[in-house]
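Visitor: Starting off with a structure, shown below.
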Amino acid sequence: MTSRRSFLGLVSAPLAASVTLSPFGLPGAPDDPVLMPADIGVRDDETFWKSLRKQFTIPANQAFFNTATLGSSPRAVQEAVTGSIQHISRNIADWDYKPDHENFFTGYYPEMPRRDQAATLLHCTGRDIALTQNATFGMNFVANGLDLKPGDEVVVTDQAHPGGRKGYDLRAKRDGVVVREIKVPAPPESPDQLIQLYLDATTPRTRVWAIPHISSSRAIRYPVDQLCTLARARGIWSVVDGAQSLGHVTVDVQAMGCDAFFASPHKWTLGPVGTGLLYVRPERQQELWTTLASSAWDDQTDLMLRLMQYGTGNLSLLIGLGVAVDFHNQIGSARIQQRDFALADQLRTGLATVPGATIVSPTHPELTCATTVYGLHGKTGGQIQDYLWERGQVRVRSMGDTVGVRHACHIYNSPADVDRALTLLRELAD
Ligand SMILES: Cc1ncc(COP(=O)(O)O)c(C=O)c1O
């Protein structure tokens, strides 16, 4: 099947100031206009972040610190998705299946302009990415797509999220692949310690290093550049789980040197729920079989298109993803990372003054990120989570009774939100 004219141009072009952002003729919000960051005027001051906060529909009295599970899409993204759904349902009878008609679904087509746009997040070309449903798809496409033989080995960490690991466990049970699990100290002392753990687990049979860019439950930022270089020198596939990093820290897959990188833009990139990206280094693409096969399963002219053959899919989500990518790029990855890290530093500094608080995530500056995991003496993770929500409408996520909570700072959070959380923690500690 060939690609047809699409709606991308209607929603991904820079959006005019104070517009209702309605390619589909929907009215804007009654009180505040729906704006993109460039319309607000991107600046490095608190006024900008305050104005930006109005583009999120999280109620103003709530502080949402759980982006590590799921982000909240800005209003522009919400409008693009709902507008597209309405547009398709309204105009479905008009669809004549002729080549110049726009598509109303995805799952068969190259979607090249959308891939090119999403690829800007990773600093690669659209030809080297597949649009998937989430990170789990990406991990499985690599784990299932590689020609691994019985006895071939894969190195994983004991803290890998199931969506970054279980595909290899499946291959172990089904095909006799050996999964070697690294035990990561909580917290690790240094990047070198993590690198040494990978090297120690490696044998002549090692084919894959499964590397979390930022781990889910302990928020460790791995030294991915060094790990990918070491893997490359040994002919080992470096497969980086970017579910917690894309939209949070700057990602450049070419500078990183990874063989594969997969992510869930519905977390830190604030895209619609059910969107994913998988990058594979061009030199490695031929080594992967597709897991899901449909019409273009063996297309040799577009090797990543083979990994987008999932059957009828929701085009409206891809349209929303395009707006989320624009929203992110207009602010800029570096600025977002700086803002998020500054909020997290404020939190970690404040935690040092909360009696009985212990930070479980790393404190080594090269291993930290915008997510902090901490406990409070004598309190379970569930108790901390519930207290913060019930007393102050502050949403963090419990990481289990013995560990504590995970607290992820992102662009809709403010220094005042962090202070509010710290005040509540001090109260609870008393
Ligand atoms: C590190 C990591 N990998 C993979 C996943 C799976 O993501 P998804 O459910 O979007 O596929 C998650 C989800 O939290 C994660 O944190």
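Visitor: Among ALA243, MET139, ILE182, flag the residue with its Cα farthest along the positive direction of the charge dipole of the stretch 134-273, charges on Cβ as +1 for Lys/Arg and -1 for Asp/Glu.
Guide: MET139
Visitor: Let me ask something additional. Please report Rg over Rh for the stretch 90-177, where both radii come from the alpha carbon positions and Rh follows the Kirkwood definition. Walk me through the intermediate numbers first.
Guide: Numbers: Rg = 18.3 Å, Rh = 16.1 Å.
Here Rg/Rh amounts to 1.14.
Visitor: Taking the Cα centre of the chain as origin, sum charge times position over the Cβ atoms of Lys and Arg (+1) and Asp and Glu (-1), and report the length of that vector in debye to the nearest 20.
Guide: Result for the chain is approximately 480 debye, rounded to the nearest 20.
Visitor: Could you tell me the distance between the Cα centroids of the stretch 316-363 and the stretch 61-140, to the nearest Å?
Guide: 23
Visitor: Can you give me the % of accessible surface on the stretch 132-242 that is carbon or sulfur? Probe 1.4 Å, all protein chains present, nothing else counted. Walk me through the intermediate numbers first.
Guide: On the way: 2160 of 4390 Å².
Roughly 49 percent of what the probe reaches on the stretch 132-242 is carbon or sulfur.
Visitor: Also, I was wondering about something else. Along the charge dipole of the chain, Cβ charges K/R +1 and D/E -1, which of GLN393, LEU305, LEU343 sits furthest on the positive end?
Guide: Value computed over the given set: GLN393.
Visitor: I would also like to ask the following. What chymotrypsin sites (Phe, Trp or Tyr not before Pro) in the stretch 72-169 are in a loop by DSSP, with at most 12 other Cβ atoms within 10 Å of the Cβ? Present the calculation step by step, with values, prior to reporting the outcome.
Guide: Details: sites: TRP95, TYR97, PHE104, PHE105, TYR108, PHE137, PHE141, TYR168; in loops: TRP95, TYR97, PHE104, PHE105, TYR108.
Here the chymotrypsin sites (Phe, Trp or Tyr not before Pro) that fit, given the DSSP loop and packing criteria, are TRP95, TYR97.
Visitor: Over all distinct Cα pairs, what is the inverse of the mean 1/r for the stretch 121-236, reported as the Kirkwood hydrodynamic radius in Å? Before the final figure, lay out each step's value.
Guide: Working: mean 1/r = 0.0670 Å⁻¹.
For the stretch 121-236, the Kirkwood estimate is 14.9 Å.
Visitor: Once label points are set 7 Å from the Cα along Cα→Cβ at both THR301 and MET112, what is their separation, rounded to one decimal in nm?
Guide: Taking the two extended label points, one gets 0.9 nm.
Visitor: Here's a follow-up. Can you bin every Cα-Cα distance in the chain into 20 Å intervals starting at zero and give me the percent of pairs per bin, rounded to whole numbers?
Guide: For the chain, the pair-distance distribution reads 26, 55, 19, 0.
Visitor: If I build a Gaussian network model for the chain, linking alpha-carbon pairs within less than 10 angstrom, which residue out of LYS98, LYS50, LYS149 has the largest mean-square fluctuation?
Guide: Top of the fluctuation ranking is LYS98.
Visitor: Okay, next question. So, with a 1.4 angstrom probe, what is the percent of accessible area on the stretch 264-368 that is carbon and sulfur?
Guide: Roughly 56 percent of what the probe reaches on the stretch 264-368 is carbon or sulfur.
Visitor: Please give the charge dipole size of the stretch 247-388, origin at the Cα centre, charges +1 on K and R Cβ atoms and -1 on D and E Cβ atoms. Round to the nearest 20 debye. Write out the running numbers ahead of the final one.
Guide: Numbers: 8 positive and 12 negative charges, 100 e Å.
In total the dipole reaches around 480 debye.
Visitor: If we count GluC sites (Glu not before Pro) as exposed when they sit in a DSSP loop and have at most 12 other beta carbons within 10 Å, what is the longest stretch of the chain that avoids them all?
Guide: Values: sites that count: GLU189, GLU366.
In short, 1-188.
Visitor: A further question on this structure: Pull up all non-local amide H partners of ASP152: gap of 5 or more, or a different chain, and H-to-H distance under 5 Å with H placed in the peptide plane.
Guide: Here the answer is VAL178, since their amide H atoms fall under 5 Å of that of ASP152.
Visitor: Once you put a point 7 Å from the Cα of ASP401 and another 7 Å from the Cα of ILE195, both along the Cβ direction, what distance in nm separates them?
Guide: Output for this residue pair reads 4.1 nm.
Visitor: Please list the equivalent ellipsoid semi-axes of the stretch 173-294, computed as the square roots of five times the alpha-carbon gyration tensor eigenvalues, in descending order and whole angstrom. Numbers along the way, then the final one.
Guide: Numbers: eigenvalues 98, 83, 41 Å².
Sorted largest first and rounded, they come to 22, 20, 14 Å.
Visitor: While we're looking at this one, here's another question. About the Cα centre of the stretch 177-296, what is the dipole size in debye to 20, counting +1 per Lys and Arg Cβ and -1 per Asp and Glu Cβ, all else neutral?
Guide: Values: 11 positive and 10 negative charges, 41 e Å.
In debye, rounded to 20, the stretch 177-296 gives about 200.
Visitor: Now a separate question. Show me the helices of the chain, taken as full DSSP H stretches, that run 20 Å or more along their long axis by Cα and average 0.0 or above in Kyte-Doolittle hydropathy.
Guide: Values: long enough: 75-91 (23 Å, -0.46); 315-331 (25 Å, 1.29); 333-351 (27 Å, -0.46); 415-429 (21 Å, 0.20).
Span-like helices, by this rule, are 315-331, 415-429.
Visitor: Out of all DSSP beta bridges in the chain, what portion is antiparallel? Express it as a percent rounded to 5. Numbers along the way, then the final one.
Guide: On the way: 21 of 40 bridges.
Bridges in the chain are about 50 percent antiparallel.
Visitor: Quick one: 3J(HN,Hα) in Hz for the stretch 62-67, Karplus 6.51/-1.76/1.60 with θ = phi - 60°, rounded, Gly and Pro as x.
Guide: Coupling constants for the stretch 62-67: 9, 10, 9, 10, 10, 4 Hz.
Visitor: For the chain, with every protein chain kept in place, what is the accessible area per residue (1.4 Å probe, Å²)? Could the numbers behind the result be given before it?
Guide: On the way: 17060 Å² over 430 residues.
I get 40 Å² per residue for the chain.
The values are calculated or read from the model by the stated rules, or taken from the named source; none is laboratory data. Keep in mind the model is a prediction, meaning the values are calculated, not measured. Because the Cβ atoms are built from the backbone with ideal geometry, glycine has one as well, and the counts that use them run over all protein chains shown. Accessible surface is based on the protein model in full, side chains and every heavy atom, while ligands, DNA and RNA are left aside. Shrake-Rupley method; radii C 1.70, N 1.55, O 1.52, S 1.80 Å.
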